Amino acid sequence: MNDQSLLQFPCDFPIKIIGDGGPEFGPMVLDLVRRHHPDLDETRISIRASRTRRYQSMTVMVTARDRDHLDALYQELSGHPQIRMVL
């Protein structure tokens, strides 16, 4: 594996989380993200519902300390049953 990274850490990094719509989706995602980023700035979050409101997408801007920090967040988000995709 190549250790070269295009990212310079620490850096601001947007993460898009797509999952099942509903009132519990946003708070659930925020709880998961705060496990890795307790100082999350909620003004840097956007939420959007799909046209049918079946799904929601949430973009969260986090400050990534290093690759392992980012990977741990992606892994936790991707493993949740209500989350369909993490970009």
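Name the residues whose placed amide hydrogens come within less than 5 Å of the amide hydrogen of residue 40, ignoring near sequence neighbours (fewer than 5 apart) on the same chain. Amide H neighbours of residue 40: none.
Loop exposure criterion: trypsin sites (Lys or Arg not before Pro), DSSP state outside H, G, I, E and B, at most 14 other Cβ atoms within 10 Å. Applied to the chain, the longest stretch between such sites is 1-50. Legend: Rg and Dmax of the chain, from Cα coordinates, 13.3, 42 Å. Footprinting exposure proxy ranking of 57, 78, fewest other C-beta atoms within 10 angstrom first, gives 78, 57.
In this structure, residue 9 and residue 51 have a Cβ-Cβ separation that, at R0 = 30 Å, corresponds to a calculated FRET efficiency of about 0.20. Placing +1 on each Lys and Arg Cβ and -1 on each Asp and Glu Cβ, with no other charges, gives the chain a dipole about its Cα centre of roughly 520 debye.
Every number here is computed from the coordinates shown, using simple stated rules; none is lab data. Here the structure is a predicted model, which means the values were calculated and not measured. Every residue, glycine as well, gets a Cβ built from its backbone with ideal geometry; the counts of neighbours run over all protein chains shown.
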